[in-house]
Amino acid sequence: MVPAILNWSGGKDSCLALYDAKQSGDWDVRALLTTFQEDSSGQEDRVSHHEVPAHLMKAQAASLGLPLDEIYLPDQPANDHYEGLMRRALNLWTDRGIRNAIFGDIFLQDLRTYREQKLSMAGWTAHFPLWQQNTRDLAHRFIDLGFRAKVVSVDGQKLHRDYCGREFDRDFLNDLPAEADPCGEYGEFHTFVYDGPIFSAPVPFATQPAATRTYQMEGRALDFHFLRFHPTA
């Protein structure tokens, strides 16, 4: 088997990529690589874009039986700073004989090209086991396999606030508007996987009502909704 690390968000796409990598028998996934956004207000650091707190990500990795390689980013980091931190992480894994990274991206070509170019510069190869698969089929396969996930963030321009905090299940998929991607590939929503066939036990957590944050982007006020978690489950 080829040793690799897996780019990990804690959500359904990266989880399904991990499942498929394990099932293929081709890959020896050594670690999950995750970026956290540092919280300067004294609250717990959280996964970028998903807002899942660090303690849940660590519990998730422990249930999966894999080490979590944590990269901490300041608020709104410059791209050069982000890329420098990623290069440093890759160099550490290169020293251990690893030059392959697995991603859960499905069909965002610009993101794939960016990943491939940056990894190639470091002597690495990027792999995309879910690439260009039908997202409705992927969403249903994820559910049919027995994975369980919570919707933890929602783009308020694309989905109503009430979608945040729901279980990612068939009812959720059936309730999505026709223009929404079933896997949220256009940023409609993000998930946190807490149980499934590759977990040793469910990840315990407790939630609070969703919070709304408004961001100014190109002169527009945009609302995003995030599920809040209790500090400890």
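The figures follow:
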{"read-out": "Global geometry of region 149-233, whether rounded, prolate or oblate, following the gyration tensor of its Cα atoms and the 1.5 cut on a/c", "value": "oblate"}
{"read-out": "Unsatisfied cross-links (Cα-Cα over 28 Å) in the set Lys118/Lys158; Lys118/Lys150; Lys22/Lys150; Lys58/Lys150", "value": "Lys118/Lys158; Lys118/Lys150"}
{"read-out": "The chain: antiparallel DSSP beta bridges as a percent of all, rounded to 5", "value": "55"}
{"read-out": "Mean Cβ neighbour count within 10 Å, used as a protection proxy, ranking 128-134, 208-214 highest first", "value": "128-134, 208-214"}
{"read-out": "Net +/- balance of residues flanking Ser120 in space, Cβ distance below 15 Å, scoring K and R +1, D and E -1", "value": "+3"}
{"read-out": "Estimated dipole of region 1-76 in Debye, rounded to 20 [Cβ of Lys and Arg +1, of Asp and Glu -1, Cα centre]", "value": "280"}
{"read-out": "Rounded to 5, percent antiparallel among DSSP beta bridges of region 2-127", "value": "15"}
{"read-out": "Cα centroid separation, region 94-150 to region 1-77 (Å)", "value": "13"}
{"read-out": "Among (1) 17.6; (2) 19.1; (3) 18.3, the entry that matches Kirkwood radius over Cα pairs in Å as calculated here", "value": "(3)"}
{"read-out": "Ascending count of other beta-carbon atoms within 10 Å, so fewest first, for His190, His50", "value": "His50, His190"}
{"read-out": "Burial ranking of peptide ranges 144-156, 87-99 (average Cβ count within 10 Å, highest at the top)", "value": "144-156, 87-99"}
{"read-out": "Protection-proxy order for peptides 108-119, 52-63, each taking the mean of Cβ atoms within 10 Å per residue, highest first", "value": "52-63, 108-119"}
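No lab work stands behind these numbers, since they all come straight from the coordinates. Bear in mind the structure is a predicted one, so any value in this text is a computation, not a measurement. Methodologically, a virtual Cβ is constructed for each residue, glycine included, from the backbone with ideal geometry; neighbour enumeration extends over all protein chains shown.
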